[in-house]
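> Okay, handing you the structure first.
None of the figures in this text is laboratory data; all of them are computed from the coordinates on show. Since we're looking at a predicted model, the values are computed, not measured. Here the Cβ is made from the backbone with ideal geometry for all residues, glycine too, and neighbour counts use every protein chain on show.
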Amino acid sequence: MMLLSYVWHGLVLNDLMHIPSPHALFYALAFGVYILIGFSITFIFTYLSMGIGVRMKGSLMGIACGFFIYLIAFVFGISFKGNGTEHVVADFLWQMIEQGVGGAVIGGVYALARRRDEVLNADAQ
């Protein structure tokens, strides 16, 4: 998710050039926030049963998490340079896509772990 954020804000929008704080501090805090977001999505993924495939479940949870994260950032005024409704909508959609991809990765890891457990249990019998 952090890599996708860097691609969006660093390469596509060039927002990272306008950060008023030291870049090392910004990246350290961003890394910490993305770790917390990943743990949050994983925690919710683990304890919420939806009856759908794990990758779809992860994507949907990531999209929902991205929705709420952007709402929090928007209310507190934590945003990058840009003005107008187009910027808000594009950034909002990108946040949901970014977290959705993160959730899909979490779902994929869970699918691989489940498959590994099935293979190990089949070999043990």
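> If Rh is defined by the Kirkwood formula over all Cα pairs and Rg also comes from Cα, what ratio Rg/Rh do you get for the range 1-78?
Rg divided by Rh gives 1.03.
> Right, here's the next one. So if I place +1 on the C-beta of Lys and Arg and -1 on the C-beta of Asp and Glu, and nothing else carries charge, what would the dipole magnitude of the chain be about its Cα centre? I want it in debye, nearest 20.
Dipole of the chain, to the nearest 20 debye: 160 debye.
> Using a cut-off of under 16 Å, list every residue of the range 50-76 whose amide N is near the label point 7 Å from the Cα of residue 39 along the Cα-to-beta-carbon line.
none
> Below 8 Å, C-alpha to C-alpha, sequence gap of six or more: please give me the relative contact order for the chain in percent.
33 percent
> Further, regarding this structure: Once every DSSP H run of n ≥ 4 in the chain is given -39500 (n - 2.57) and the sum is divided by its residues, what mean residue ellipticity at 222 nm do you get, rounded to the nearest 500 deg cm²/dmol?
Mean residue ellipticity, 222 nm, calculated: -26000 deg cm²/dmol.
> Moving on. Between 64, 104, 28, find the one with the highest GNM mean-square fluctuation for the chain; connect C-alpha pairs within less than 10 Å.
Residue with maximal mean-square fluctuation among 64, 104, 28: 28.
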